[in-house]
1. With (1) closer than 24 Å to E28 by Cβ; (2) surrounded by fewer than 20 Cβ atoms within 10 Å (Cβ to Cβ); (3) at pLDDT 90 or above as the list, and A104 as the residue in question, which single condition is left unmet?
2. Please specify each residue of region 40-50 satisfying the condition of being open to solvent by 70 Å² or more (accessible area, probe 1.4 Å) and either small (G, A, S) or under 24 Å from G86 (Cβ atoms) (or both).
3. Any residue in region 45-64 that is in contact (Cβ under 8 Å) with a residue 24 or more places away in the chain, of a type in the set (F, W, Y) and over 15 Å from K32 (Cα atoms)?
4. For region 59-93, give me the residue count where each residue is assigned to a loop (DSSP other than H, G, I, E, B) and in contact with a strand residue (DSSP E or B) (Cβ under 7 Å, 6 or more places away or on another chain).
5. Give me the pairs: first residue in region 69-88 and within 26 Å of E28 (Cβ to Cβ), second residue exposed (fewer than 14 other Cβ atoms within 10 Å of the Cβ) and of a type outside the set (A, V, I, L, M), beta-carbon distance under 6 Å, and six or more apart or on different chains, which are they?
Amino acid sequence: MRKILTTILLLALTNAGSIISASDDTPEKPFKGRFYNDEHKIYIDINLYDHNVVIPMQEVLGELDGYIASDQCGTTWCIVSSETKGNKATIDVINNYGSEEDIA
């Protein structure tokens with residue numbers, strides 16, 4: 001499970017040509033923005049600094065650190081907590097079914 005989530009996160013963040021939108025201060029805040037991977041049709045919407053991302057149609061969860069989702073399925077991975085140190089981040093995610101994983 002951890003390998004799958006790590007792969008999804010890396011795929012979403014590594015393809016610079018797939019960025020839909022990111023904040024103007026992306027170089028200073030690399031863990032803020034919306035990033036999309038065209039090949040795998042997955043995306044991540046994160047703000048590990050202000051922790052104020054709301055998942056569309058899941059507003060009842062309130063403001064989170066972000067989420068990982070796909071255009072191909074209905075599963076959403078909610079980023080419920082995170083810690084950043086320089087250019088590394090550790091996130092805790094929970095999927096629609098309540099499974100938990102730590103990703104570094």
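1. (3)
2. Of everything in region 40-50, just one residue is open to solvent by 70 Å² or more (accessible area, probe 1.4 Å) and either small (G, A, S) or under 24 Å from G86 (Cβ atoms) (or both), namely D50.
3. Looking through region 45-64, none of the residues is in contact (Cβ under 8 Å) with a residue 24 or more places away in the chain, of a type in the set (F, W, Y) and over 15 Å from K32 (Cα atoms).
4. Count: 2.
5. That search, which allows pairs on different chains as well, returns E83/T90.
Yes/no per residue for (1) of a type in the set (D, E); (2) at pLDDT 95 or above; (3) exposed (fewer than 15 other Cβ atoms within 10 Å of the Cβ):
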residue	(1), (2), (3)
T7	no, no, yes
L13	no, no, no
S18	no, no, no
D25	yes, no, yes
D38	yes, no, yes
L61	no, no, yes
S70	no, no, no
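The values are calculated or read from the model by the stated rules, or taken from the named source; none is laboratory data. Computed from a predicted model, the values in this text were never measured in an experiment. Methodologically, a virtual Cβ is constructed for each residue, glycine included, from the backbone with ideal geometry; neighbour enumeration extends over all protein chains shown. Accessible surface is based on the protein model in full, side chains and every heavy atom, while ligands, DNA and RNA are left aside. Shrake-Rupley method; radii C 1.70, N 1.55, O 1.52, S 1.80 Å.
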